[in-house]
Protein chains: 2
Amino acid sequence: MSQNTEAIFPHGEKASPDYFSGTTWVKSLVTANDGFNTIISNVVFEAGARNNWHTHPNGQILIVTDGVGYYQEKGKDILVIQKGDVIKIPADVIHWHGASHDSSLTHIVINPNIQKGIVQWMDRVTDEEYNRFK
Amino acid sequence: MSQNTEAIFPHGEKASPDYFSGTTWVKSLVTANDGFNTIISNVVFEAGARNNWHTHPNGQILIVTDGVGYYQEKGKDILVIQKGDVIKIPADVIHWHGASHDSSLTHIVINPNIQKGIVQWMDRVTDEEYNRFK
C-alpha cells in the first residue's frame, strides 16, 4: 500500500529550548480541555535534535510516523526507532527521544491519564551522551 | 516536508463482519494489557467499507493518516474526513466512520479511560444511509 508524499500534519510551534536541544516542532492535536484525560501532539525533530532527560508519571506512547530517531532509557543503550514503531514508555522511567544524526524523526506522542501529571523535565542530553550511539 | 511512500503500519487482521461492512483491517498497537488504560489501533477501510453505528462510553479520538473517508453523528450530515484530520468523538454519541466511495481511509483510533468500557455496537450502516452522501 502506498500513501501520498505530504506530511500528515503541519509543523506547528517551535518547542521550548529549555527542554529541547536542536530544532523541534510541536503541533497540538488533543488538549487537556478536550475531555479525554489525554494529551496528544505531533512532534518533529530535525536531524540531531532531541528532548531533555525526563519522566512521565503515567508513561507515554510514541507512534513513529516518519523518519529515524533514537530512544534511550537511563542506564541502557540508545535504541534506533523508525516509521511504524510504537514505543511504550513506562511510568517514571527516565528517558529521552529525538532524531538520529542524519534524519528527522516525526512521532505522535500520547499522554494518557493526565490527572496523574504529564512530564517532569530533567537535565539536557549532552552531545557526549547523544554521540554515544555512533 | 515529504515522507516516504510506504504505509506506516502493516494491514493487520480483518475486522469482524459482525460490526463492519466491506473490507476493513485492524492492526493493534496498544492493548488493555499495556498498562495505559488506553487502547490504540490502526484501522484501514477499503473504499466503501465502514463500521456499524456505535458509541464509546468515554469517547474516541481518530487521527487520519491517509486517504479520504466519512464520519457521521446520528441526526447530522455525513462529514468528509481526510489525512491530517483529528476527530474528537464525544462520549455516548451515536456515530459511524469509514472510507469514502472512491478512496480508502487509514486512521489511528485511540480509546482512553477504558475502565469505563470501549464500544457498544449497534445497527449496520445501510447502503441507503451510506449513499446519502452522494
Check: Restricting the search to region A:87-120, which residues are more than 10 Å from chain B (Cβ to nearest Cβ), surrounded by 19 or more Cβ atoms within 10 Å (Cβ to Cβ) and within 19 Å of A:ALA7 (Cα to Cα)?
Finding: A:GLY98, A:ALA99, A:SER100, A:LEU105, A:HIS107, A:VAL109
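Is it the case, given these coordinates, that B:SER16 is touching a residue at least 12 places away in the same chain (Cβ under 8 Å) and surrounded by fewer than 21 Cβ atoms within 10 Å (Cβ to Cβ)?
Working: touching a residue at least 12 places away in the same chain (Cβ under 8 Å): no; surrounded by fewer than 21 Cβ atoms within 10 Å (Cβ to Cβ): yes.
Answer is no for this residue.
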Check: What tally of residues in region B:27-58 results from selecting those that are without any contact (Cβ under 8 Å) to a residue 24 or more places away in the chain and among the basic types (Lys, Arg)?
Finding: 1
Notebook entry, point to check: Are any residues in region A:121-131 farther than 14 Å from A:GLY98 by Cα and either surrounded by 12 or more Cβ atoms within 10 Å (Cβ to Cβ) or in contact with a Phe, Trp or Tyr (Cβ under 9 Å, 6 or more places away or on another chain) (or both), and if so, which ones?
Noted result: A:TRP121, A:MET122, A:ASP123
Item checked: Given (1) modelled with pLDDT of 95 or more; (2) outside any strand (DSSP E or B); (3) not aromatic (Phe, Trp, Tyr), number of the condition B:GLN72 does not satisfy -> (2)
Next item on the list: Could you list, in sequence order, all residues of region A:88-134 that are in a loop (DSSP other than H, G, I, E, B), of a type in the set (Ser, Thr, Tyr) and under 15 Å from the mean Cα position of the chain (by Cα)?
Entry: A:SER100, A:SER103, A:SER104
Item checked: Number of the condition not met by B:PHE45 [criteria: (1) within 16 Å of B:VAL125 (Cβ to Cβ); (2) out of contact with any Ser or Thr (no Cβ under 7 Å at 6 or more places or on another chain); (3) buried (at least 21 other Cβ atoms within 10 Å of the Cβ); (4) of a type in the set (A, V, I, L, M, F, W, C)] -> (2)
Notebook entry, point to check: Can you name every residue in region A:47-67 that is under 23 Å from A:GLU129 (Cβ atoms), at the interface with chain B (Cβ under 10 Å from one of its Cβ atoms) and either in a strand (DSSP E or B) or of a type outside the set (Gly, Ala, Ser) (or both)?
Noted result: A:GLN60, A:VAL64, A:GLY67
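Out of curiosity, is B:GLN72 within 26 Å of A:ASN33 (Cα to Cα), touching a strand residue (DSSP E or B) at 6+ places or on another chain (Cβ under 9 Å) and within 14 Å of another protein chain (Cβ to nearest Cβ)?
Values: within 26 Å of A:ASN33 (Cα to Cα): yes; touching a strand residue (DSSP E or B) at 6+ places or on another chain (Cβ under 9 Å): yes; within 14 Å of another protein chain (Cβ to nearest Cβ): no.
When the stated conditions are applied, B:GLN72 does not pass them.
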Margin query: Looking at the structure I just gave you, is B:PHE9 surrounded by 20 or more Cβ atoms within 10 Å (Cβ to Cβ), assigned to a loop (DSSP other than H, G, I, E, B) and in contact (Cβ under 8 Å) with a residue 12 or more places away in the chain?
Written below: yes
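The values are calculated or read from the model by the stated rules, or taken from the named source; none is laboratory data. This one's a predicted model, so the numbers in the text were calculated from it and none came from an experiment. Positions of Cβ are backbone-derived with ideal geometry, glycine not excepted, and every protein chain shown enters the neighbour counts.
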